[in-house]
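The numbers here are math on the coordinates, done by the rules we state, and not lab data. Everything quoted here is computed from the prediction, not taken from an experiment. Positions of Cβ are backbone-derived with ideal geometry, glycine not excepted, and every protein chain shown enters the neighbour counts.
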Amino acid sequence: MQQISSILEKFGTEARIWVFVSNRQLTPNEQTIATEEIINFANNWQTHGKEMTATGFLFAKQALVLVANESELKASGCSIDKINHLIKALGAQFNINFFDRMTTLVLDQDQWIASAFNPNETRPVISAATQDISDFLI
């Protein structure tokens, strides 16, 4: 897996990201499959027949993250739908819900733990609303 710092270096802080936090940690086998699938998707992702510059990774055994450089080519609605189809398929395969937007990851004593959304949370949080790749470096 690419290191997040190298992704940040390659894509910059302006990269667009999609985060799908699951309702449980993935098993080691699921982690392997999910990582392979998200990287394969990113390597072959196209919008309007043109290749997107993208990568993906599994974060904290519980969140699938897709990163795209949209500085030259923006993701279209259809290409974004393809992301959702992939994540839904993985969720069905693993019996996991990646689309509960109330599930977040909170940094607690140097470990990312699953937590329900709390608007008053003061610790670092990763969620579907995360928009900055550098948030993963905390």
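How many lysine pairs in the stretch 4-137, separated by 8 or more positions in sequence or lying on different chains, have Cα atoms less than 21 Å apart? Summing the qualifying lysine pairs gives 6.
Sorting R16, R101 by the number of Cβ atoms found within 10 Å of their own Cβ, with the fewest placed first, yields R101, R16.
Over all pairs of different C-alpha atoms in the chain, the reciprocal of the mean inverse distance, the Kirkwood hydrodynamic radius, equals 15.2 Å.
Charge tally for L90 (other residues, Cβ to Cβ under 11 Å; Lys, Arg +1; Asp, Glu -1): -2. For the stretch 1-54, the extents of the C-alpha atoms along the principal axes are 33, 26, 19 Å, listed from largest to smallest. Each residue of the stretch 130-138 is assigned a 3J(HN,Hα), and the resulting list reads 4, 10, 10, 4, 5, 4, 7, 8, 5 Hz, derived from the Karplus form 6.51 cos²θ - 1.76 cosθ + 1.60 (θ = phi - 60°), x at Gly and Pro.
In terms of other Cβ atoms within 10 Å, D132, D110 run from fewest to most in the order D110, D132.
The residues packed around A60, meaning those with a beta-carbon under 15 Å from its beta-carbon, carry a net charge of -1 if Lys and Arg are +1 and Asp and Glu are -1.
With R₀ fixed at 25 Å, the C-beta to C-beta distance from L73 to S6 puts the FRET efficiency at about 0.75.
Look at F99, F41 and count the other Cβ atoms within 10 Å of each Cβ; fewest to most, that gives F99, F41. For the stretch 47-64, the Karplus equation 6.51 cos²θ - 1.76 cosθ + 1.60, evaluated at θ = phi - 60°, returns couplings of 10, 6, x, 10, 5, 7, 8, 8, 8, x, 7, 9, 10, 6, 6, 9, 10, 8 Hz by residue, with Gly and Pro reported as x. Close amide H contacts of I96 (hydrogens built in the peptide plane, cut-off under 5 Å, sequence separation of 5 or more or a different chain): none are found. Remark: spin-label model distance N118-H48 equals 4.5 nm, labels positioned 7 Å along the Cα→Cβ axis. Simple spin-label estimate for K88 and Q111 gives 3.5 nm between the two label positions (7 Å along the Cα-to-Cβ direction from each Cα).
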